[in-house]
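Any read-out appearing in this document is the output of simple, stated calculations on the displayed coordinates, not a laboratory observation. These figures come from a predicted structure and were not determined experimentally. Counting neighbours? That spans all protein chains shown, and the Cβs are built from the backbone with ideal geometry, glycine included.
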Amino acid sequence: MLLVAVNPPAVVAALGDGRRRRELALAAGLAAAVATATAGLSGPVLDALDVTAPTFRVATAVVLGVAGVRWLALGPWVLPGDASQQGWRSVIAPLLVPLLVTPQLIAVSTSVGADRGVATVVLGAGVAMVLAWVAAVACPRRPGWAVASRFVGLLAVVVALALAVDGVRSV
Amino acid sequence: VSVGRRLTLTAVVWVVGLGGLRLSFLAPEVCPPFDEGRALGAAASAAAWIEAGQEQDGRYLYEYDRDANEARPGYNIVRHAGVTMSLYQLAAAGADDALAAADAGLELMLDGLVSAGGGLALIDPGAPTARLGASALMAAALEDRRDATGDRRYDDELRALGRFLAVLVGPDGRALSSYDLTLDAPTPGERSRYATGEAGWALARLHSLFPDEGWDTPARAVADYLATERDAAEGLDFRPWPDQWAAYLLAELGPSHLDAEHITYARALAERFGMLVRVESQKDGWPVAFVDPRARGAGLGVWVEALGSLERLAAIDDRLADLRSALAARLACGAGLLVERQVEDAGARVFAAPELVRGAWFREGVTRMDDQQHALSGLLAAAGRIGVEAP
């Protein structure tokens, strides 16, 4: 679920020619840390919102579904050409926000954290971020990433539907 | 684009998105506080509404418009039986003062019994057909009366009603909902989404009262049918159809073992009723123009009745152990909503006939007697007073 929320092919495609491996590595690490912290705070957050985990699951499905439809219909977001020229500042924007720390990542981390615990989020977010970084470093210019990102977008829609059904069908 | 501007734009998108969710799917689940004492008080108040509107012949006030201060026309013998049953449930929970109104309602039903199918059936006066649901709920009412009083004077009628139910249920558990008194035969093809579960539950309770008489055979046939075939066979969409009578039936059969498919069905019912209560608890946070109004008292009461039955079942069957805490939470939430939405004395005094407003659940200014019936039964279930010995 975290893998489709991150959508590594979309991350690689978004970077285009302007990727920087060290900045991306730092941003990916920070994004994974944000996901982990979000999962750790999921209980208090749900309490503060006065919602149960199944209800949050349904809301997460909406967020993930919207992101998936967007990827599917419009393809990956492409960073502006100046994005890689900002040095370390690019770690915050645009790499961390809005590329890696997205509404769907926060929603999924909260939901999975509430349902399955922080360790699952650590693992899922870690794997997704490592995949994104490795792909961006190893083969950054492949045109297939845009197509792959749409495919992951389709998976995101499917996962979102399953998540919605699961949320609705919970006591 | 500067970093600050990019972050600002992102923040705006996030805030707008979160706001939209907060007004819809992520609206807060508001569950008023609930405790057994408040539930029993609210149940007694609902019974007082039923008694206040009861006529000399035992009929209850069927439907009432509080703004116009007028009773709406119409009556339904199935609902009459259900209301009577709920009063006996309250009596069985220890409120003896509900017995007089329930007995008056029972007298009307005893007068409406006719011979059918080798037993007795409850009908509307002069009706050419007998509906399964009416007889099933009358049987349930007599079973509750027996629990409440220990009085066995109506056991013959109870067994005769059971024989009629068994004839309509048939060996495969697919109940026909109507019996043609002229032809002295079941009406082919007529089924009811309510009556099958009602009949199954009444038969299961007959088995609990008279365990050596074979009532469990048709009761289990109904349970099998409901669990495995009914929704598809009767074209009910969005399975499982939320059948609180099926939940009552499963809880009644639970102590004598349920099969795997019954447990699967019970789990599905729990999920369905749990979701209904969760959504209901969110409605106060939704923009009114885009959503249905709050559920009727009968609707919410039915959900709470079902959750109460399923909680009872989960308590004795470890295959549902993982649902126990969630069921308890949802049951308390639904019951809390019922108590909060019931019209209290202060709210009733502004109307022309406060005794016909107090203790009831209104939607758009109107209440019907089954609003009070189901809410009353639900509150008793939430208080743990259904399916257990009277204190």
Does the range B:43-143 come out rounded, prolate or oblate by the C-alpha gyration tensor, with a ≥ b ≥ c the root eigenvalues, rounded set by a/c under 1.5 and, if not, prolate when a/b is larger than b/c and oblate if not?
oblate
Per the 1/(1 + (r/R0)^6) rule, R0 = 56 Å and r from the Cβ atoms of B:R153 and B:E364, FRET efficiency to 0.05 is 0.85
Rounded if a/c under 1.5, otherwise prolate or oblate - the range B:261-358, Cα gyration tensor axes
prolate
With B:G117 itself left out, Lys, Arg at +1 and Asp, Glu at -1 over residues whose Cβ is under 11 Å from its Cβ give -1
So for the range B:129-262, averaging the separation of alpha carbon pairs under 8 Å that are six or more residues apart and normalising by length, what relative contact order in percent results?
25
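Ignoring chymotrypsin sites (Phe, Trp or Tyr not before Pro) that are buried or in helix or strand per DSSP, and keeping those with at most 14 other beta carbon atoms within 10 Å, what is the longest stretch of chain B between them?
B:76-237
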Taking 8 Å as the Cα distance limit and 6 or more residues as the minimum spacing, I'd like the relative contact order of the range B:308-384 as a percentage.
29
Of the GluC sites (Glu not before Pro) in the range B:6-83, which ones lie in a loop per DSSP and count no more than 13 other C-beta atoms within 10 Å?
B:E55
Once amide H atoms are placed 1.01 Å from N in the peptide plane, what residues at a sequence separation of 5 or more from B:A175, or on another chain, have their amide H within under 5 Å of its amide H?
none
³J(HN,Hα) computed for each position of the range B:87-92 - Karplus, 6.51 cos²θ - 1.76 cosθ + 1.60, integer Hz, glycine/proline x
5, 5, 4, 5, 4, 5
Set the Förster radius R0 to 22 Å, insert the Cβ-Cβ distance between B:H257 and B:R193 as r into 1/(1 + (r/R0)^6), and round the FRET efficiency to 0.05.
0.25
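Given axes a ≥ b ≥ c from the Cα gyration tensor, I'd like to know whether the range B:200-326 is rounded (a/c under 1.5), prolate (a/b larger than b/c) or oblate.
Since a/c reaches 1.5 and a/b is larger than b/c, the shape of the range B:200-326 is classed as prolate.
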Counting only Cβ distances under 4.7 Å between cysteines, those in the protein assembly as shown with no partner are A:C139
Using 7 Å Cα-to-Cβ label points, what is the A:R141/B:T228 separation (nm, one decimal)?
6.5
Over what distance in Å are the Cα centres of the range B:211-249 and the range A:1-54 separated?
46
Report the trypsin sites (Lys or Arg not before Pro) located in the range B:315-360 that are in a DSSP loop and have at most 15 other Cβ atoms inside 10 Å of their Cβ, or state none.
B:R349
Given R₀ = 25 Å, FRET efficiency for B:E107-B:R163 by Cβ-Cβ distance, to 0.05?
0.70
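How much length, in nm to one decimal, is gained on full extension between B:A71 and B:F238, taken as 0.36 nm per residue of separation minus their Cα-Cα distance? Working shown, then result.
On the way: separation 167, 0.36 × 167 = 60.12 nm, distance 3.51 nm.
Once the chain is fully extended between B:A71 and B:F238, it gains 56.6 nm.
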Given an 8 Å cut-off on Cα distances and at least 6 residues of separation, report the relative contact order of chain A as a percent.
52
Report the Cα centroid-to-centroid distance between the range B:14-31 and the range B:121-153 in angstrom, as an integer.
47
At most 14 other Cβ atoms within 10 Å and a DSSP loop assignment: could you name the GluC sites (Glu not before Pro) in the range B:271-353 that fit?
B:E344
Of A:G68, A:G43, A:G87, the one that fluctuates the most in a GNM where chain A has Cα springs shorter than 10 Å
A:G87
Quick one: Cα centre-to-centre distance for the range A:118-149 and the range B:98-114, in angstrom?
72
Could you give me the ³J(HN,Hα) list for the range B:348-357, computed from phi with Karplus coefficients 6.51, -1.76, 1.60 and θ = phi - 60°, whole Hz, x at Gly and Pro?
7, 5, 7, 9, 5, 10, x, 5, 9, 10
Quick one: 3J(HN,Hα) in Hz for the range A:46-61, Karplus 6.51/-1.76/1.60 with θ = phi - 60°, rounded, Gly and Pro as x.
5, 5, 5, 7, 6, 10, 8, 4, x, 5, 5, 4, 5, 5, 4, 4
Net charge contributed by nearby residues that have their C-beta within less than 14 Å of A:A48 (K/R +1, D/E -1):
-2
What is the gain in length, in nm to one decimal, between B:V13 and B:E340 on full extension, counting 0.36 nm per residue of separation less the C-alpha to C-alpha distance?
114.0 nm
